[in-house]
Every structure is written in C-alpha cells, then in structure tokens.
Amino acid sequence: MGKLVPVSANTPEKAGDRIGCDCARRTHGALVVEPAMPPVAVMFPVSPPARQEVAHLQVEVVMVSVVPVDREGLAGKGWRRPPGYSFAKNEAVVAIVASEFAKAALTLPIGFVEQSGFFVPVMLTSPIPGRNFAVGPKGEWFPSYVPAVLRAYPFSLRASSEGKATLSIDEDSGLIAPADDTTEKFFNEDGSLAPTVNEVLKLLRHIHENRVVTNQAVVALSDAGVIKRWNLVVPVDDREVPVNGLYSVDEAALTELDDAGLIAIRKALGLAYVQLVSTGQVTALSRLASLREKARQVLDRMSSQPNLQQ
C-alpha cells in the first residue's frame, strides 16, 4: 500500500521559508494561525447567470468530525499518517489553488465547480460523482501530482467562531491513537508543535494564503465573462459519461476580449491558459479508469488464491 507523500513534497519553492513557526499562537488551548485571516472556506464569486446552476460534484474532502488541535483535547494521544489515499476514494473533484495549477495541469483536467453561488477551481479525478479514478483499490494514488489538501490530511484549517483559521484534525479519520512508539507526536514537551505537525501547518498556511491570489484571478475571469459551462463527456470503458456541473475558461470568449478586457484580466491570463491546456488531459481520466479496473482485477485474483503459508 502506497505511503502518504510527505506533506512538504510538491509544494512551491520557498513556501516553507515564508511560513515559520511564529505563524501560530494558542487561544484557549487551540492553535490559531496568525495574522487573523478570513474564514478558511474562501470561494469565488460567480457571474450572475451561473448562480442559478446546481453543481453535482462535491468539492471538499469529507471530514466527519473535525476538532481543534490543542493539548488538552489531544492529551495522551498521537497520530499516524494515512497508509494511502482511500480517504479520498469518493472525491470526484479535489479543490486546488493557483500555485498548484502548473503541476496539476500536467496530470488531470482542471475545471471550476459552482457551489453555493461561488466558483471553486478543482482537479477532476472522475466524471462520476462519488468515485475517484486516481485512487487504486489498495489506496494507492496513480497520478504524479497529489493535491495539497490531500497531502495535509487528516489536518485542515477551519474557521473558528471568531473568524480565525484554526489548525484542526478529523477525529473520525481513524488516525488518532493513544501515544506510543508507533504514533507521531502532536506537541513537543514545551507545548510547541511537533516538527511533523508544524510542516503540515506550513502547507495549510500556504494553501490558505494562496487562495487570496486565486480568488483575485477567478474573480477577474468571472467578471470578464470567460468562464462558461463545460459540456464535457469522458469515455469510460465502452460508454460516454457526461460531467454535470463543471465549468471551464471559454477560449472563444477569451479571444474576443478587447484591449480593455484583456488589461482587466492580465494577472489572471496565466491561470486561464493553464486551465485551458489542462483540458487536454481528459483522456487521462479514461486511462485511470482502465488502470484502476486492472488493479482491482489483480487484487481479486490474489485474494482468491489459496494462502500456501497457512
């Protein structure tokens, strides 16, 4: 079973240099990211016509019971890294930010999902809601790029009642256990974050901060009217599967912008073109579906063979 990619892998260069240990303080036992930031679930305004559409794809990784990372609540406990990516096996799309576009575009299609009146940039992992072609039957991750939010699991940043971004963990992930030699520490003896958890916080802090840049770019594209419904159909086995609720930059609308329109989105053009380039990865979904099925068949054959060691 594939091990979880280290939380610092695939992050933009110097991200860790910009985010140090002094980025957090403790409030009533919970770790709060400083400086004060807007709520974590930052999404992107959609042009009025799209607000009436209903997305059919769930954006966020499901975390059943999220609790703050604090010494009192996690006293005597440690945590384990996920042995693979089975926790994301039902995620047909995974939210990404602008700094991930370049690597994600070389792997799978990038699109936008409308959710509660907002656009969210996502990496498409399956045309079928509730399935993730990127995750194998043993939890292995097939594509070369792993979205940052998955590398950070079971941790996340969640908005507190005070509007602060608080380091949290999925209590029902099965990865919190009594502290022993097989678990990793949450805290050092002096109460500071343990090195591994601090690395996760750095990654989450980078994602959180980069949402601001992503927000500005997507707002500009939305206001320019170049984000349109993507009538995508993905070949899977012997059938054509339509994808509902997905949007893309419209190349025709982009080329029709006048000089003033291009100037208005000049800082978002890079993101727009990378998203368009990523649409060439649609066939990768078909290949992933085939690879996933072959892996499942191999696993079934292995499990059906008698155990000669018994």
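The values are calculated or read from the model by the stated rules, or taken from the named source; none is laboratory data. These numbers were taken from a predicted model, which means no experiment stands behind them. Backbone-built Cβ (ideal geometry, glycine too); neighbour counts: all protein chains shown.
Computed values, structure above
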| quantity | calculated |
| --- | --- |
| Some residue of the stretch 156-164 being in contact with an Asp or Glu (Cβ under 8 Å, 6 or more places away or on another chain) and under 30 Å from L271 (Cα atoms) | yes |
| Qualifying residue in the stretch 244-262 (condition: among the β-branched types (V, I, T) and in a helix (DSSP H, G or I)) | yes |
| Contacts under 9 angstrom Cβ, first residue in the stretch 180-204 being free of Cβ contacts under 8 Å to residues at least 12 places away in the same chain, partner surrounded by 11 or more Cβ atoms within 10 Å (Cβ to Cβ) and among the aromatic types (F, W, Y), 6 or more apart | A194/F186; A194/F187 |
| Failed item, numbered, when S286 is tested on (1) modelled with pLDDT of 95 or more; (2) in a helix (DSSP H, G or I); (3) touching a strand residue (DSSP E or B) at 6+ places or on another chain (Cβ under 9 Å) | (1) |
| Qualifying positions in the stretch 154-211 - closer than 18 Å to E72 by Cα and of a type in the set (G, A, S) | S160, S168, A177, A179, G191, S192, A194 |
| Subset tally (residues that are of a type in the set (A, V, I, L, M), closer than 20 Å to L204 by Cα and modelled with pLDDT of 90 or more) for the stretch 158-191 | 4 |
| Residue within the stretch 65-86 that is within 16 Å of the chain's Cα centre (by Cα), surrounded by fewer than 22 Cβ atoms within 10 Å (Cβ to Cβ) and assigned to a helix (DSSP H, G or I) present | yes |
| Residue count, the stretch 147-185 (criterion: within 19 Å of Y85 (Cβ to Cβ), in a strand (DSSP E or B) and of a type in the set (S, T, Y)) | 1 |
| Some residue of the stretch 198-211 being touching a strand residue (DSSP E or B) at 6+ places or on another chain (Cβ under 8 Å) and either surrounded by fewer than 15 Cβ atoms within 10 Å (Cβ to Cβ) or closer than 30 Å to T255 by Cα (or both) | no |
| Members of the stretch 118-135 that are crowded, with 24+ Cβ neighbours inside 10 Å and touching a strand residue (DSSP E or B) at 6+ places or on another chain (Cβ under 7 Å) | F119, V120, P121, V122, M123, L124, T125, P127, A134, V135 |
| Filter result for P143 (surrounded by fewer than 22 Cβ atoms within 10 Å (Cβ to Cβ) and not charged (D, E, K, R)) | yes |
| Hits in the stretch 257-283 (condition: among the aliphatic types (A, V, I, L, M) and either more than 21 Å from A98 (Cβ to Cβ) or modelled with pLDDT under 85 (or both)) | A260, V282 |
| All positions within the stretch 220-248 that are of a type in the set (V, I, T), in contact with an Asp or Glu (Cβ under 8 Å, 6 or more places away or on another chain) and either in contact (Cβ under 8 Å) with a residue 60 or more places away in the chain or over 23 Å from I263 (Cβ atoms) (or both) | I227, V233, V234 |
| Within the stretch 106-122, tally of residues that are polar (S, T, N, Q) and outside any strand (DSSP E or B) | 2 |
